[in-house]
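K.L.:
Could you have a look at this structure, given as structure tokens, before my questions?
The values are calculated or read from the model by the stated rules, or taken from the named source; none is laboratory data. Computed from a prediction, not measured in an experiment: that's the story for all the values here. Because the Cβ atoms are built from the backbone with ideal geometry, glycine has one as well, and the counts that use them run over all protein chains shown.
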Amino acid sequence: MKSEKSGLIVSVSPHIKDTETTERIMWSVSLSLLPAVLMGVYFFGPRAAFTIIASILSAVLSEYIFLKAMKKKVVALDGSAFLTGLLLGLNLPPSVPFFIPVIGAIVAVIITKQLFGGLGYNIFNPALIGRAFLLVSFPRLMTVWNEPAAAFIHLDARTTATPLGILKEEGVIKLIEVFGDKGNLYSQLLIGHRGGCIGETSILALLIGATFLMYKKYITWHIPLAFLGTVSLIAWIFGGQEGLFTGDPLLHLMTGGLMLGAFFMATDYVTSPSVKSGQILFGTGCGFLTMLIRLKGGYPEGVMFAILIMNCFSPLIDRGFRSKVFGAVKKPAKGAKQ
Amino acid sequence: MSQLGKISYRELVLNGIFKENTIFKLALSLCPSIAVTNNVRNGVLMGAAVLFVQVMVNITISLMRNLIHPRIRLPIFMLVISGWVTVTDMSMAAFAPAAYKQMGLYIQLIVAFASILARAEMFASKNTFVPSMFDGIGMGAGFLLALTVISFFRELLGKGSLWGYQIINAKPLLILVLPAGGFFAVGLLMGLFNWISMKYEGRQ
């Protein structure tokens, strides 16, 4: 993280010791997700709250049990398991049965994080692996989207399609039709009045959280901006139905899990590159893969898989963009390998 | 028993099954262990095919060992292995065409199994007929056991069936029959196997 007074920046080692602790960052990130939680619960009712709580509890519990069983130092309350559970909960549809968040949290914490060596050693974002596991295992349960309770537009059924689902299946005209008019569509998307995962719908709430994180300098603009920029560029060029350069980037930015993914998941310290220029490449890759899946893939949404795929490349990116050693002389190409 | 000293046949077999289990201990031949194990029938057939090839190769090599010039031993081993794999391949195509259709490629790939060549090189070419046979049985049985266990869990939890018969009327964890689930299953079972054998060895 940045040490605010001295203006030092995050980079590969050597590091300078700071008063910030992992716990503090974890709890701050959790706090920054509070608006999204509140909006999710407001729109999807107490059921959504229970899903989130079940997810958090099982994440913390499985971390505790695993560490106890392995006779390691029990650090289950350092906030990282809490955050993983919270992110997983926010990435679930509101009305999933309770065993879903439990299984997801176990996969996320034990298989993705602890089996790889615990916090800091995991290759993939735990919450996203948990969700990917669930999506592939329970495709039907994981794609039941509840209509927001607060008087959604004229859809009679209790379940609905996500805007991205409608966009993929029936096109943008149908989407505008469902929401009334274009202005209404944008404003509804902005406050989160739409079908989707609990925490991904309210763009406004997510932006508030992201602003808080940026203000505290827990995340920098590199990954989110590169991610969102690439998505809007590709959406603008290829997203339209009437040919090139007719797409609607705003629509793609405000639907799906993009905001949640770009600000809260892709910026995970452990699984993203720590070199700034590498982060831009990482974000661009995420954006490209997201749009590839959204426009050409089988799933309507690709943020999760995009981030997971780019996670694999993080170590490679870090190596490729390693900052220059101070005072080092550039070696001839032959000796560069060492 | 030229090099073995006092090791009994029982120990030879158990060595292949537990101590040097191809998949769980040596982590060899993982490709078929993920590719064909999404149902028990394929897993068992594949395991049986490998068991057969391993035993026959070990026997053949041990009988031929004094005739093979050391410099060209590896090509000869490969020829013997591919001969026996062809026999297996053709018999399977004749007697189990349905299963062969699904896994024919992997049967042919037995030629390239590191474990089979390794046993030919490390054991059969240095030992007589009978110990080589038991070594082959041990290694092959270890492979068969591993594939059976993996495919048991994958089919039961992924499809709710065993050997094609529906056991539970649900698909508890669909991911397990997919390739990604194969990695999960093999990894977790490998961990479990090693954990158990660690406990067992610790008690001895």
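K.L.:
Taking the condition under 23 Å from A:GLN188 (Cα atoms), in contact (Cβ under 8 Å) with a residue 60 or more places away in the chain and under 12 Å from the mean Cα position of the chain (by Cα), does A:GLY302 pass? I'd like the intermediate steps shown before the answer.
P.N.:
Details: under 23 Å from A:GLN188 (Cα atoms): yes; in contact (Cβ under 8 Å) with a residue 60 or more places away in the chain: no; under 12 Å from the mean Cα position of the chain (by Cα): yes.
Criteria not met by A:GLY302.
K.L.:
Hey, among B:MET78, B:MET90, which residue is in contact (Cβ under 8 Å) with a residue 12 or more places away in the chain and either of a type in the set (A, V, I, L, M) or out of contact with any helix residue (DSSP H, G or I) (no Cβ under 6 Å at 6 or more places or on another chain) (or both)? Don't jump to the end; show me each part of the working.
P.N.:
On the way: B:MET90 fails: in contact (Cβ under 8 Å) with a residue 12 or more places away in the chain.
Of B:MET78, B:MET90, the one residue that is in contact (Cβ under 8 Å) with a residue 12 or more places away in the chain and either of a type in the set (A, V, I, L, M) or out of contact with any helix residue (DSSP H, G or I) (no Cβ under 6 Å at 6 or more places or on another chain) (or both) is B:MET78.
K.L.:
If you don't mind, another one. Determine whether B:VAL40 is of a type in the set (Val, Ile, Thr) and in contact with a strand residue (DSSP E or B) (Cβ under 7 Å, 6 or more places away or on another chain).
P.N.:
Values: of a type in the set (Val, Ile, Thr): yes; in contact with a strand residue (DSSP E or B) (Cβ under 7 Å, 6 or more places away or on another chain): yes.
It is true that B:VAL40 is of a type in the set (Val, Ile, Thr) and in contact with a strand residue (DSSP E or B) (Cβ under 7 Å, 6 or more places away or on another chain).
K.L.:
Please determine, by comparing only the residues of the stretch A:109-126 that are assigned to a loop (DSSP other than H, G, I, E, B) and among the hydrophobic types (A, V, I, L, M, F, W, C), which one is modelled with the lowest pLDDT.
P.N.:
First pass over the stretch A:109-126, keeping only residues assigned to a loop (DSSP other than H, G, I, E, B): A:117-125.
Next, only the ones that are among the hydrophobic types (A, V, I, L, M, F, W, C) stay: A:119, A:123-124.
On the way: A:LEU119: 84, A:ILE123: 90, A:PHE124: 92.
Per the criteria, the residue is A:LEU119.
K.L.:
Looking at (1) surrounded by 15 or more Cβ atoms within 10 Å (Cβ to Cβ); (2) modelled with pLDDT under 90, can you tell me which one B:GLY136 breaks?
P.N.:
(2)
K.L.:
Does A:SER32 qualify as being out of contact with any Cys (no Cβ under 9 Å at 6 or more places or on another chain), touching a residue at least 40 places away in the same chain (Cβ under 8 Å), buried (at least 21 other Cβ atoms within 10 Å of the Cβ) and within 17 Å of A:ILE111 (Cα to Cα)?
P.N.:
On the way: out of contact with any Cys (no Cβ under 9 Å at 6 or more places or on another chain): yes; touching a residue at least 40 places away in the same chain (Cβ under 8 Å): yes; buried (at least 21 other Cβ atoms within 10 Å of the Cβ): yes; within 17 Å of A:ILE111 (Cα to Cα): no.
No: the conditions fail for A:SER32.
K.L.:
Evaluate the following for A:PHE50: is it of a type in the set (Phe, Trp, Tyr) and either touching a strand residue (DSSP E or B) at 6+ places or on another chain (Cβ under 6 Å) or under 23 Å from A:LEU204 (Cα atoms) (or both)?
P.N.:
Numbers: of a type in the set (Phe, Trp, Tyr): yes; either touching a strand residue (DSSP E or B) at 6+ places or on another chain (Cβ under 6 Å) or under 23 Å from A:LEU204 (Cα atoms) (or both): yes.
Yes.
K.L.:
Let me ask something additional. Go through the stretch B:66-81 and count every residue that is within 18 Å of the chain's Cα centre (by Cα) and surrounded by fewer than 17 Cβ atoms within 10 Å (Cβ to Cβ).
P.N.:
1
K.L.:
Condition test on B:LYS101, is it more than 14 Å from chain A (Cβ to nearest Cβ) and farther than 30 Å from B:LEU74 by Cβ? Please lay out each step first, then the result.
P.N.:
Working: more than 14 Å from chain A (Cβ to nearest Cβ): yes; farther than 30 Å from B:LEU74 by Cβ: yes.
Yes: the conditions hold for B:LYS101.
K.L.:
With buried (at least 19 other Cβ atoms within 10 Å of the Cβ) and under 23 Å from B:ILE150 (Cα atoms) as the only criterion, which of B:MET46, B:MET56 stands out? Show your work before the answer.
P.N.:
Details: B:MET56 fails: under 23 Å from B:ILE150 (Cα atoms).
Unique residue meeting the criteria: B:MET46.
K.L.:
Would you confirm whether any residue within the stretch B:159-167 is outside any helix (DSSP H, G or I), within 14 Å of chain A (Cβ to nearest Cβ), of a type outside the set (Ser, Thr, Tyr) and farther than 15 Å from B:VAL44 by Cα? Give the derivation first.
P.N.:
Taking the stretch B:159-167 first, the residues outside any helix (DSSP H, G or I) are B:160-167.
Pick out the ones that are also within 14 Å of chain A (Cβ to nearest Cβ) and you get B:160.
Still in the running and of a type outside the set (Ser, Thr, Tyr): B:160.
Within this subset, residues satisfying the condition of being farther than 15 Å from B:VAL44 by Cα are B:160.
Yes, because at least one residue in the stretch B:159-167 is outside any helix (DSSP H, G or I), within 14 Å of chain A (Cβ to nearest Cβ), of a type outside the set (Ser, Thr, Tyr) and farther than 15 Å from B:VAL44 by Cα.
K.L.:
Mind counting the residues in the stretch B:171-182 that are away from chain A (no Cβ under 11 Å) and part of a loop (DSSP other than H, G, I, E, B)? Walk me through how you get there before you give the answer.
P.N.:
Pass one, the stretch B:171-182, residues away from chain A (no Cβ under 11 Å): B:182.
Checking the rest, the ones that are also part of a loop (DSSP other than H, G, I, E, B) come to none.
Within the stretch B:171-182, residues that are away from chain A (no Cβ under 11 Å) and part of a loop (DSSP other than H, G, I, E, B) number 0.
K.L.:
On to the next question. Given (1) outside any helix (DSSP H, G or I); (2) more than 20 Å from B:ARG154 (Cα to Cα); (3) among the hydroxyl-bearing types (Ser, Thr, Tyr), identify the lone condition not met by B:THR60.
P.N.:
Result: B:THR60 passes all but (1).
K.L.:
Got at least one residue in the stretch B:14-34 being aromatic (Phe, Trp, Tyr), part of a loop (DSSP other than H, G, I, E, B) and crowded, with 19+ Cβ neighbours inside 10 Å?
P.N.:
Narrowing the stretch B:14-34 to residues aromatic (Phe, Trp, Tyr): B:18, B:24.
Remaining after also requiring part of a loop (DSSP other than H, G, I, E, B): B:24.
Then drop every residue that is not crowded, with 19+ Cβ neighbours inside 10 Å, which leaves B:24.
Yes - at least one qualifying residue is present in the stretch B:14-34.
K.L.:
If you check B:LYS126, B:LYS199, which single one turns out to be over 30 Å from B:HIS69 (Cα atoms) and either within 14 Å of chain A (Cβ to nearest Cβ) or surrounded by fewer than 16 Cβ atoms within 10 Å (Cβ to Cβ) (or both)?
P.N.:
On the way: B:LYS126 fails: over 30 Å from B:HIS69 (Cα atoms).
The unique qualifying residue is B:LYS199.
Yes or no, residue by residue, for (1) among the hydrophobic types (A, V, I, L, M, F, W, C); (2) modelled with pLDDT under 75; (3) over 15 Å from A:TYR299 (Cβ atoms):
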{"site": "A:LEU128", "(1), (2), (3)": "yes, no, no"}
{"site": "A:ALA132", "(1), (2), (3)": "yes, no, no"}
{"site": "A:PHE138", "(1), (2), (3)": "yes, no, no"}
{"site": "A:THR143", "(1), (2), (3)": "no, no, no"}
{"site": "A:ALA149", "(1), (2), (3)": "yes, yes, yes"}
{"site": "A:HIS154", "(1), (2), (3)": "no, yes, yes"}
{"site": "A:PRO163", "(1), (2), (3)": "no, no, no"}
{"site": "A:ILE166", "(1), (2), (3)": "yes, no, no"}
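K.L.:
For the stretch A:109-148, give me the residue count where each residue is of a type in the set (Gly, Ala, Ser), facing chain B (nearest Cβ under 10 Å) and without any contact (Cβ under 8 Å) to a residue 60 or more places away in the chain. Walk me through it before giving the result.
P.N.:
Of all residues in the stretch A:109-148, those of a type in the set (Gly, Ala, Ser) come to A:117-118, A:120, A:127, A:130, A:132, A:137.
Next, only the ones that are facing chain B (nearest Cβ under 10 Å) stay: A:132, A:137.
From what is left, the residues that are without any contact (Cβ under 8 Å) to a residue 60 or more places away in the chain are A:137.
Of the residues in the stretch A:109-148, 1 are of a type in the set (Gly, Ala, Ser), facing chain B (nearest Cβ under 10 Å) and without any contact (Cβ under 8 Å) to a residue 60 or more places away in the chain.
K.L.:
Residues A:ILE53, A:ILE106: which one is assigned to a helix (DSSP H, G or I) and within 14 Å of chain B (Cβ to nearest Cβ)? Can you show your working first?
P.N.:
Numbers: A:ILE53 fails: within 14 Å of chain B (Cβ to nearest Cβ).
Exactly one residue qualifies, and that residue is A:ILE106.
K.L.:
Tell me yes or no: at least one residue of the stretch B:133-148 is without any contact (Cβ under 8 Å) to a residue 60 or more places away in the chain and more than 11 Å from chain A (Cβ to nearest Cβ). Steps first, please.
P.N.:
We begin by selecting, within the stretch B:133-148, every residue without any contact (Cβ under 8 Å) to a residue 60 or more places away in the chain; these are none.
No: zero hits.
K.L.:
Moving on to the next point. What's the number of the only condition in (1) buried (at least 16 other Cβ atoms within 10 Å of the Cβ); (2) out of contact with any Lys or Arg (no Cβ under 8 Å at 6 or more places or on another chain) that A:LYS73 fails to meet?
P.N.:
Failed condition: (1).
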